[in-house]
1. When only Cα pairs under 8 Å and 6 or more residues apart are kept, what is the percent relative contact order across region 1-88?
2. Which value in Å does the Kirkwood hydrodynamic radius of the chain take, with 1/r averaged over all unlike C-alpha pairs and then inverted?
3. When ligands, DNA and RNA are left out and all protein chains stay put, how many square angstrom of accessible area per residue does region 33-185 have with a 1.4 Å probe?
4. Between residue 118 and residue 79, what is the label-point separation in nm under the 7 Å Cα-to-beta-carbon projection?
5. Roughly how many Å is it from the Cα centre of region 83-123 to that of region 144-173, as a whole number?
6. Taking 7 Å along the Cα-to-C-beta vector as the label spot, tell me the residue 141-residue 185 distance in nanometres, rounded to one decimal.
7. By Kyte-Doolittle mean hydropathy of at least -1.0 and Cα axial length of at least 30 Å, which whole DSSP H helices of the chain are selected?
8. Quick one: which of 91/133; 27/91; 22/117; 27/117; 50/106 span more than 18 angstrom between C-alpha atoms?
Amino acid sequence: MSIQITTARSEKHLRQILQLQKLNLPKALSEEERIQEGFVTVDHDFAILKKMNSPYPHIIATDDDSVIGYALVMLRSIQDEIEVLKPMFEKINTLSYNNAPLSSSKYFVMGQVCVAKDYRGKGIFYKMYDYMKSIMCIDFDMVITEVSAHNTRSLKAHARQGFVNVLSFEAPDGHPWEILLWDIL
């Protein structure tokens, strides 16, 4: 294994992110796999994934040039482009952290994180987040993400990384979510 943490720099990387994403959507997993391994929720298309990749590229983990993990960077400017994420952005804009409204804070959203099944438990999740922090802390103070309350593996991993829960809420469809924040300063 020759695992490297880097950024998505090509259409090939973006297409491999989408392939890994499709393998980890709830519809591709059994209930037992969703409980034990976790899952991703949003099914991005290539155009939006490419748009999100600039000016700050997604973080990827590769093994011999194959994407085996990713953490998507999402700026606020994209908030109206992905329907399922609109409630999250609406909630974020009503919250405060350390007595300051998030709406006036320097944050970005980690849009989705995933590690290929054969590579889990090797610290890749944390290495991608640490790399993300090293790049993004120049322009941002915090990372915000949203995790399904049913995705206990992801919630535990984010807590170990240093994320704190700033809000638990139900989306309009009744699904429970946790908005998590990581202060990267």
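1. Numbers: 102 pairs, mean separation 31.2, N = 88.
It rounds to 35 percent for region 1-88.
2. Kirkwood radius, the chain: 16.6 Å.
3. That works out to 46 Å² for each residue.
4. So the two model labels end up 4.1 nm from each other.
5. So the separation of the two Cα centres works out to 9 Å.
6. 0.5 nm
7. Going by DSSP H runs, there are no hits.
8. Pairs exceeding 18 Å: 91/133; 27/91; 50/106.
The values are calculated or read from the model by the stated rules, or taken from the named source; none is laboratory data. From a predicted model like this one, the values you see are computed outputs, not experimental measurements. Don't worry about glycine lacking a Cβ; one is built from the backbone with ideal geometry, like all the others, and counts go over all protein chains shown. All accessible areas refer to the heavy atoms of the entire protein, side chains included, with ligands and DNA or RNA removed. Shrake-Rupley method; radii C 1.70, N 1.55, O 1.52, S 1.80 Å.
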